Amino acid sequence: MLHDPNRVYVFDTTLRDGEQVPGCQLATPEKIEIAKALEALGVDVIEAGFPISSPGDFQSVVELSKAVREPIICALTRANRKDIDSAVAALQYAKRPRIHTGIGSSDMHIKYKFNSTREDILQRAVEAVKYAKKFVEDIEFFAEDAGRADNAFLAQMIEAVIAAGATVVNIPDTNGYCLPDQYGSKILYLKENVKNIDQAIISVHCHNDLGLATANSLAGLINGARQVECTINGIGERAGNTALEEVTMVLKTHHALNLKTNINSKHFTEISAMVSRMMHMPVQPNKAIIGQNAFAHSSGIHQDGFLKHRENYEIINPEDVGLNSADIILTARSGRHALKHHLERLGYEIDRLNLDQVYERFLIMADEKKTIGDDDILYLMSDTEEGAVKNGYKLNLLQVLCGDPLSPTASIRLEYDGVEKEAMATGNGPVNATIKAIQTIVGKDITLKEFTIQAMHGGSDDVSKVNMKVAYEGKSYVGYGFSTDIVKASANAYLDAMNKFI
């Protein structure tokens, strides 16, 4: 088989291995939505499911085969004819079908899982590949528990299944047992000892039981594997699988490896959030690449160095993984440079502020709270003359009428660059009516994406904090508003978000 020697194929198993996690099961429409996102991401292979396992899995493979055009659609089977027949039927609409069949390769599995012998297992492996080859040209064979398998027997098995027609040979570290040098040496052993290894692609499939999935996958790629099997956010059974975003960003960052994928990493943040939401699997904040703290800097020394020159403390551009920018997290350890950065970002004109006085007030607040966010800064500035120094639209009047049987109606007056404009609108609630009135004046196509209300301290007379995320021309902007009146706080939050792109 002829392949670019530097090309690494990305095999995504989020919808098969990832979905095996308890509580992560998806309906077919959800799988289709994720599959289309994976296609846009640029994955080469989507493992759509295990058709024999359930009618739902079978139907998901059928529907994904219809919905996706570019990636190979792969169906998992065990090494028996009934499983393979089910996969063949499920893949009937696939433009580029692949059957993924296999059996255990370690003596542990051969003895205690199959109660069999090496000779019998070898025969079953070959027969499964030959049978699948009658229906589908592209056959991937997995040697389960290869991480603990005897290398000589593993090489014998791989050579036999390639001779039987396997186009890809998967060498799984099923239990996440191997150290990187062990796993890399195993791949190199196969490269050097399997006579027909040039007729197939070696694939790495690593689990994260010891936290080594990404390291082991990279060791395998460095030693000659050219397909990596992974999942979005590293989800999967037990401790999970190799994280797609981690292994591909390592290849993108370390140019000296001279290995490339077709992955468009700018989709990572979006697809990570999609998978997390649909599978009810929160992403840990310190998760590499896509965790909320992955590009967050809180140490004053780090912040100062970062603001002077980004590469001092970042090796990846946030924009490369779909983030607008890195976060400078404000804490009691932050310096004036970091506070100045945030004030400027929020629209305050620094040359009109007494930064020393603002910083003193900031430190008092920071001592009381572990982390200072945008909302806290806005609240800090809201009761000062300095807080009024903002650019963009300003709310001068808001009147709302509502109550049964009246339709909620908002009258609003905004000032922009010294000019006032008024508008009135009705909505399904007072906040909706207020936003519609603002949109009438502004005249731009702005989409409200998120809307949350939080009490600052507690009590019926509390100050409400409203967070809003809006989308405009493909980008997202977050705004904050404060008031004892929730509707007014909502209007201010919407204007705050809008003023960031006006």
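Some values worked out for this structure:
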read-out: Dimensionless Rg/Rh of region 37-144 - Kirkwood Rh, Rg from C-alpha atoms; value: 1.02
read-out: Semi-axis lengths, Å, region 61-123, gyration tensor of Cα atoms, sqrt of 5 times eigenvalues; value: 30, 10, 8
read-out: Value at 222 nm in deg cm²/dmol, rounded to 500, when DSSP H runs of n ≥ 4 in the chain each add -39,500 (n - 2.57); value: -11500 deg cm²/dmol
read-out: Calculated FRET value between residue 209 and residue 254, using beta carbons and R₀ = 25 Å, to 0.05; value: 0.50
read-out: Among 489, 89, 146 the positive-end extreme of the charge dipole of the chain (Cβ point charges); value: 89
read-out: Residue 396/residue 486 FRET efficiency (R0 25 Å; Cβ-Cβ; nearest 0.05); value: 0.85
read-out: Subset of 340/421; 36/191; 266/500; 191/266; 252/475 violating a 28 Å alpha-carbon distance limit; value: 340/421; 36/191; 191/266
read-out: Cα→Cβ-extended label distance, 7 Å offset, between residue 317 and residue 107, nm; value: 5.3
read-out: Region 394-500: equivalent-ellipsoid semi-axes (sqrt of 5 x gyration tensor eigenvalues, Cα, Å); value: 20, 18, 14
read-out: Burial ranking of peptide ranges 216-229, 186-199 (average Cβ count within 10 Å, highest at the top); value: 216-229, 186-199
read-out: Whole-number accessible area per residue in Å² for region 63-132, which is evaluated in the context of all protein chains at 1.4 Å; value: 48
read-out: Spin-label pair residue 89/residue 53, simplified geometry with 7 Å Cα→Cβ offset, distance in nm; value: 1.8
read-out: Gain upon complete extension [residue 501, residue 424; 0.36 nm per residue less C-alpha separation]; value: 25.4 nm
read-out: Test item: Cα-centred dipole of the chain, Lys/Arg +1 and Asp/Glu -1 on Cβ, debye; value: 1080
read-out: Under the Debye formula (equal points on every Cα, no solvent term), log10 I(q)/I(0) of the chain at q = 0.06, 0.09, 0.10 Å⁻¹; value: -0.39, -0.75, -0.85
read-out: With every protein chain in place, the chain: carbon and sulfur % of accessible area (1.4 Å); value: 49
read-out: Segment residue 286-residue 185, extension gain: residue separation times 0.36 nm, minus the distance between their alpha carbons; value: 33.3 nm
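The values are calculated or read from the model by the stated rules, or taken from the named source; none is laboratory data. Everything numeric in this text was worked out from a predicted model, so none of it was measured. Note that we place each Cβ from the backbone using ideal geometry, even for glycine, and neighbour counts take in every protein chain shown. SASA here: full protein model, heavy atoms, side chains in, ligands and nucleic acids out. Shrake-Rupley method; radii C 1.70, N 1.55, O 1.52, S 1.80 Å.
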